[in-house]
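Down below is the structure, laid out as structure tokens.
The values are calculated or read from the model by the stated rules, or taken from the named source; none is laboratory data. A quick note: this is a predicted structure, and the numbers were derived from the prediction, not measured. Note that we place each Cβ from the backbone using ideal geometry, even for glycine, and neighbour counts take in every protein chain shown. Accessible surface is based on the protein model in full, side chains and every heavy atom, while ligands, DNA and RNA are left aside. Shrake-Rupley method; radii C 1.70, N 1.55, O 1.52, S 1.80 Å.
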Amino acid sequence: MTGTESPTIGVFTAELNDSYQEKIWEGIVEAADRRGIGLISFLGSRIKSPIPQEISSNTVYAMAHRDTVDGLIIISSAISSYVNYDEVVQLFAQRKDLPQVSIGLEIPGIPSVTVDGRQGMADVIEHLICEHHRSRFALITGPHGHGESEERIRSIFQVLDRHDITLPKRRIKTGSFEKESGITAARDLLLSGTDFDALVCLNDKMAIGAWEVLSGAGIDVPNDVSLVGFDGQEEAESLPLLLTTVRQPLAELGAAAVEQVLGLIHQRSVVNRTLVCTPVFGETCGCRARLMKDKEELREFSRTMGSFEKEIYHYLKPHVVSLDTQDFLAALSRLIHQYGNDTGSYQRFHSVLSLLHQQESQDSSRHAPSRFHEQADLLLKGFSLIARAHIRGQTVRNFAMRERFAIARSVGVSISEAFEVPVILKNLSEGFSRLKIADAYLVLYTRTEPSFSSGQLFYIGSTSKKGLTDGEITFPVRTILPETSRQVLKNGRWALLPLVFQAEALGYLILPARAADSVIYDAISKQIASTLKGTALLDQVRSHEKNLEGEVSRRTRELTRTNQKLTEEIKRRIRLEEEVIDISNKTMNRIGQDLHDDLCQHLAGISMIATALKKSLQNNPSAAATAEQINALAVDSIDRTKSIVRGLVPPGLEEHGLGVAVDALVEAAHRSSGISVSFIEEPGFPAPSAEQSLQLYRIIQEGISNALRHSNCTRIEVKMYSRPAKGHEKHVESIIEVSDNGSGIPAGIQPMGMGLKIMKYRAEKANAVFSIASPHNGNGTMIQCRIKQET
């Protein structure tokens, strides 16, 4: 910061949907507006929280350093729910180079703005004992080790000790300052059977939760149990009865902290400040509803009045003294119009009128009773005006808030329906324009792991920002915004909201720091984070789908090439097999032809020579007998050779067809084996082609041969017949069977011999379905070929 620049201060707070932090934050924002200084609110969460989402939210705290802010306010009472006091001290020590101020907790060596709730808490406990005769107390505390909680507990016990009232441990439950913890603690108290007539909660949120449990259990507040809280939050106004509590000056805490940190920045001497909390005796303790404060309350109010209350008091007093009702109501109306912007303002107006009424009524009742009644009537009209203004203001604020929530919901819907970042940005820009948000910045981390270091900037707003091109600027997120855009942080008040989905930090959103929109900001940031995560997941799915399509395409091309090669290899093998079969058939034919035309002729010549030799040796019986043996061997050799020839060259197959050739084959088998081998060809059996006939003949030949050699059968039957094909009226099946009554195929054995493989191959060549089985309970074997043909 140069000598002419306005300073920029940072704020650490946990969340804005909590009225305690919201009110303090509003005080900080309003003070920064009045001073015209830069403000960056780092809306993280509770440090060292066990909740993964809160851990990731706290990454934004690392962006507060000398290069981004000139001083720092830490609402330590809000962000320290999960740490002890020493760890809070260490949090400040990590940034000792920065001027720092603590709100809520007093930190050694750090200027602190705190409230003294001890007396207020003590007054409430004293009130319960003395006015409502309560003696069986129960307590819901804050987190263990929390400084403010411990102070309030000590104050409670001091009062109880003075009255000899004990508070046993079984009636003490630990809460977390959240409504849910009040519900849990109150339920535990009831379930344990603990008897109590006063329940003290150390903040209003826990008291609201406790009210729900007590009323749900049929316990009458305040007749059965007195209920008190602490903070004086607006949320407590939702209860049917006015909550007895201790009101903290939350907005004043924030404003005082701004003055403290500015003093440090400008190197002025700064001391700790302690603001006073005031008890508010509502109806939940047992008091009746009152129009005005009692004397003691008014005396304390008079002693502790701030500048705001004093200004109202001195402005209105002359009008009260003059008894000019019209002028008084006009002056009060002007003040309400100027300052009555929240519930706290109306309460302070009410307190000032109560004080004026007390002071003037004392004088008037002594000196002029008629004047007393006139002043009472005038002030009652003032109270009525305040009440109407309060209701009217609340209605206007509620209507405006509902309208903005409706817009925020529509913005959330519009971005949730978008699945691309440009569309999300467009819908956000339109929605922000409806919410009157002129400028906003979205930064998405380029790395999502905890050690992220850079981000991409997207501008969202209705004004023109030169030099900002969405997504093209990548910069170190340590600087919050790129160097060319950082000046905007110096000139305004901003809220920096982390964008977190579950445990993953996605980036952050920078919005104008407007106190009225704190809750809306929280909802929008969560919706943006959810939508961005959904978009990222969809992009991953699309990327995976694209990669999968590429991989499928690549694998398809590979499989196509492999299939082509496999097809070519199959075709090549088929050609080779066909060539092998063709060569085999030709070789068998040639061998058979050679045996028939050559060897048989030679053997016939030998037989003739042997016969002639026998005749010439009639005078030599021994030699003649030898010649006769040679002749017999020659004749037998001729028969054997012819049998071999018939096996190699099916006789009559080409000339007369498959039936004639099979008949000859069967006859030869019968003669050579001496067992019964029969052949049946039913009329109408379709004649196969020449190629099919040759393959089927070889199958029959192999089947007969196997039966003769291996089955120990006494009967072999060959059948050729046709039947209509099942389910195909226009087709018939030509069926060829070779069966025997031999030993059959053993159970569980799958025949895998070379002969069987050759038969299967030949069946495929003949377009036939081949099968082999033992159909008669494991006895005998049947080989079957089925050929489907059109009629």
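Within the stretch 663-709, how many residues turn out to be farther than 15 Å from C785 by Cα, crowded, with 17+ Cβ neighbours inside 10 Å and β-branched (V, I, T)?
2
Among the residues of the stretch 769-791, write down those that are touching a Lys or Arg at 6+ places or on another chain (Cβ under 7 Å), open to solvent by 70 Å² or more (accessible area, probe 1.4 Å) and modelled with pLDDT of 90 or more. Steps first, please.
The initial filter retains those residues of the stretch 769-791 that are touching a Lys or Arg at 6+ places or on another chain (Cβ under 7 Å), namely 769-770, 790-791.
With the extra rule that they be open to solvent by 70 Å² or more (accessible area, probe 1.4 Å), the set shrinks to 769, 790-791.
Across the stretch 769-791, the qualifying residue is only V769.
Confirm whether F157 is at pLDDT 95 or above and touching a Lys or Arg at 6+ places or on another chain (Cβ under 8 Å). Talk me through it step by step, then tell me what you get.
Numbers: at pLDDT 95 or above: yes; touching a Lys or Arg at 6+ places or on another chain (Cβ under 8 Å): no.
No: the conditions fail for F157.
Of these, R402, R397, R388, which one is among the charged types (D, E, K, R), assigned to a helix (DSSP H, G or I) and at pLDDT below 80? Steps first, answer last, please.
Details: R402 fails: at pLDDT below 80; R388 fails: at pLDDT below 80.
From the options R402, R397, R388, the qualifying one is R397.
If you check D67 against the conditions, is it within 22 Å of V280 (Cβ to Cβ) and among the acidic types (D, E)? Working first, answer last.
Values: within 22 Å of V280 (Cβ to Cβ): no; among the acidic types (D, E): yes.
When the stated conditions are applied, D67 does not pass them.
Results for (1) surrounded by 14 or more Cβ atoms within 10 Å (Cβ to Cβ); (2) β-branched (V, I, T), shown as yes or no for each residue.
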| position | (1), (2) |
| --- | --- |
| H390 | yes, no |
| T395 | no, yes |
| E403 | no, no |
| A408 | yes, no |
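Please tell me if D70 is among the acidic types (D, E), open to solvent by 10 Å² or more (accessible area, probe 1.4 Å), in contact with a strand residue (DSSP E or B) (Cβ under 9 Å, 6 or more places away or on another chain) and farther than 28 Å from S149 by Cα.
Working: among the acidic types (D, E): yes; open to solvent by 10 Å² or more (accessible area, probe 1.4 Å): yes; in contact with a strand residue (DSSP E or B) (Cβ under 9 Å, 6 or more places away or on another chain): yes; farther than 28 Å from S149 by Cα: yes.
In short, yes.
Within the stretch 676-688, which residues are under 14 Å from A661 (Cβ atoms) and either out of contact with any Phe, Trp or Tyr (no Cβ under 7 Å at 6 or more places or on another chain) or among the charged types (D, E, K, R) (or both)? If you could, list the steps in order and put the result at the bottom.
Step one: of the stretch 676-688, the residues under 14 Å from A661 (Cβ atoms) are 679, 681, 685, 687-688.
Once the filter is applied, which keeps residues that are under 14 Å from A661 (Cβ atoms) and either out of contact with any Phe, Trp or Tyr (no Cβ under 7 Å at 6 or more places or on another chain) or among the charged types (D, E, K, R) (or both), the stretch 676-688 yields F679, E681, A687, P688.
I'd like the full set of residues that are at pLDDT below 70 and open to solvent by 30 Å² or more (accessible area, probe 1.4 Å), limited to the stretch 354-367.
Passing the criteria: Q362, D363, S365, R366, H367.
Applying the selection to the stretch 745-767, what residues are assigned to a loop (DSSP other than H, G, I, E, B) and at pLDDT 85 or above? Full working, then the answer.
Start the filter on the stretch 745-767 by keeping residues that are assigned to a loop (DSSP other than H, G, I, E, B), which leaves 745-753, 766-767.
A766, N767, listed by residue number.
Scan the stretch 446-457 and give yes if some residue there is among the aliphatic types (A, V, I, L, M) and either under 25 Å from the mean Cα position of the chain (by Cα) or modelled with pLDDT under 85 (or both), otherwise no.
Taking the stretch 446-457 first, the residues among the aliphatic types (A, V, I, L, M) are 457.
Retained after the next criterion (residues that are either under 25 Å from the mean Cα position of the chain (by Cα) or modelled with pLDDT under 85 (or both)): none.
Within the stretch 446-457 (the criterion being among the aliphatic types (A, V, I, L, M) and either under 25 Å from the mean Cα position of the chain (by Cα) or modelled with pLDDT under 85 (or both)), the answer is no, since none of the residues qualifies.
Assuming K760 fulfils every condition listed in (1) open to solvent by 50 Å² or more (accessible area, probe 1.4 Å); (2) more than 21 Å from P650 (Cα to Cα) apart from one, which condition is it?
Only one criterion is unmet by K760, namely (2).
Please pick out the residue among A236, A185, A198 that is over 20 Å from D116 (Cα atoms), modelled with pLDDT of 95 or more and under 40 Å from the mean Cα position of the chain (by Cα).
Result of the check over A236, A185, A198: A185.
Among the helices (runs of 4 or more DSSP H) lying completely within the stretch 631-735, list those that include at least 3 residues that are in contact with a helix residue (DSSP H, G or I) (Cβ under 9 Å, 6 or more places away or on another chain) and under 22 Å from T781 (Cα atoms).
Working: elements: 653-656, 658-673, 690-710.
Where helices (runs of 4 or more DSSP H) fall fully within the stretch 631-735 and carry at least 3 residues being in contact with a helix residue (DSSP H, G or I) (Cβ under 9 Å, 6 or more places away or on another chain) and under 22 Å from T781 (Cα atoms), they are 658-673, 690-710.
How many residues, within the stretch 136-152, are open to solvent by less than 30 Å² (accessible area, probe 1.4 Å) and at pLDDT below 95? Can you show your working first?
Looking only at the stretch 136-152, we keep the residues that are open to solvent by less than 30 Å² (accessible area, probe 1.4 Å), and these are 137-143, 146-149, 152.
Applying the additional criterion that residues be at pLDDT below 95 yields 142-143, 146-149, 152.
Residues that pass the stated criteria total 7.
Tell me whether the stretch 567-582 contains one or more residues that are crowded, with 17+ Cβ neighbours inside 10 Å and touching a residue at least 24 places away in the same chain (Cβ under 8 Å). Show your work before the answer.
Here is the first cut: in the stretch 567-582, the residues crowded, with 17+ Cβ neighbours inside 10 Å are 581.
Then drop every residue that is not touching a residue at least 24 places away in the same chain (Cβ under 8 Å), which leaves 581.
Within the stretch 567-582, one or more residues are crowded, with 17+ Cβ neighbours inside 10 Å and touching a residue at least 24 places away in the same chain (Cβ under 8 Å).
Please tell me if S739 is touching a strand residue (DSSP E or B) at 6+ places or on another chain (Cβ under 9 Å) and part of a loop (DSSP other than H, G, I, E, B). Break it down into steps so the answer makes sense when it comes.
Working: touching a strand residue (DSSP E or B) at 6+ places or on another chain (Cβ under 9 Å): yes; part of a loop (DSSP other than H, G, I, E, B): no.
No: the conditions fail for S739.
Filter the stretch 304-323 down to the residues that are among the hydrophobic types (A, V, I, L, M, F, W, C), in a helix (DSSP H, G or I) and open to solvent by 30 Å² or more (accessible area, probe 1.4 Å), then identify the one that is farthest from V115 (Cα to Cα).
Narrowing the stretch 304-323 to residues among the hydrophobic types (A, V, I, L, M, F, W, C): 305, 308, 312, 316, 320-321, 323.
From what is left, the residues that are in a helix (DSSP H, G or I) are 308, 312, 316, 320-321.
Of the ones still in play, those that are also open to solvent by 30 Å² or more (accessible area, probe 1.4 Å) are 308, 321.
On the way: F308: 18, V321: 36 Å.
Filtering first and then ranking leaves V321.
Name the pairs whose Cβ atoms lie under 8 Å apart, with the first residue in the stretch 693-717 and more than 13 Å from I675 (Cα to Cα), the second of a type in the set (D, E) and open to solvent by 40 Å² or more (accessible area, probe 1.4 Å), and 6 or more positions between them or separate chains?
none
Within the stretch 410-434, track down each residue that is outside any helix (DSSP H, G or I) and either crowded, with 17+ Cβ neighbours inside 10 Å or among the acidic types (D, E) (or both).
Going through the stretch 410-434, the residues outside any helix (DSSP H, G or I) turn out to be 417-420.
Selection gives E417, A418, E420.
Take T245 and decide whether it is within 30 Å of S41 (Cα to Cα) and surrounded by 24 or more Cβ atoms within 10 Å (Cβ to Cβ).
Working: within 30 Å of S41 (Cα to Cα): yes; surrounded by 24 or more Cβ atoms within 10 Å (Cβ to Cβ): yes.
Against the criterion (within 30 Å of S41 (Cα to Cα) and surrounded by 24 or more Cβ atoms within 10 Å (Cβ to Cβ)), T245 qualifies.
Scan the stretch 503-522 and tell me whether some residue there is on the phi > 0 side of the Ramachandran plot, at pLDDT below 90 and open to solvent by 40 Å² or more (accessible area, probe 1.4 Å). Please lay out each step first, then the result.
To start, the set of residues in the stretch 503-522 that are on the phi > 0 side of the Ramachandran plot comprises 507.
Filter again for at pLDDT below 90, leaving none.
No - not one qualifying residue is present in the stretch 503-522.
Count, please, the residues in the stretch 112-138 that happen to be touching a helix residue (DSSP H, G or I) at 6+ places or on another chain (Cβ under 6 Å), touching a residue at least 60 places away in the same chain (Cβ under 8 Å) and basic (K, R).
1
Pick out the one residue from I208, I172, I140, I153 that is within 23 Å of V276 (Cβ to Cβ) and touching a Leu at 6+ places or on another chain (Cβ under 8 Å). Walk me through it before giving the result.
Values: I208 fails: within 23 Å of V276 (Cβ to Cβ); I172 fails: within 23 Å of V276 (Cβ to Cβ); I140 fails: within 23 Å of V276 (Cβ to Cβ).
I153 is the lone residue from the list that is within 23 Å of V276 (Cβ to Cβ) and touching a Leu at 6+ places or on another chain (Cβ under 8 Å).
Going by the structure shown, is E558 surrounded by fewer than 11 Cβ atoms within 10 Å (Cβ to Cβ) and either at pLDDT 85 or above or among the basic types (K, R) (or both)? Step through it out loud before you land on a result.
Numbers: surrounded by fewer than 11 Cβ atoms within 10 Å (Cβ to Cβ): yes; either at pLDDT 85 or above or among the basic types (K, R) (or both): yes.
Yes.
Taking F301 and the conditions (1) out of contact with any strand residue (DSSP E or B) (no Cβ under 8 Å at 6 or more places or on another chain); (2) surrounded by 15 or more Cβ atoms within 10 Å (Cβ to Cβ); (3) at pLDDT below 85; (4) of a type outside the set (A, V, I, L, M), which numbered condition does it fall short on, given that it satisfies the others?
It is condition (1) that F301 fails.
Since I480 meets every condition but one in (1) under 25 Å from K426 (Cβ atoms); (2) surrounded by fewer than 17 Cβ atoms within 10 Å (Cβ to Cβ); (3) modelled with pLDDT of 85 or more; (4) not polar (S, T, N, Q), which condition does it not meet?
So I480 meets the others, but not (2).
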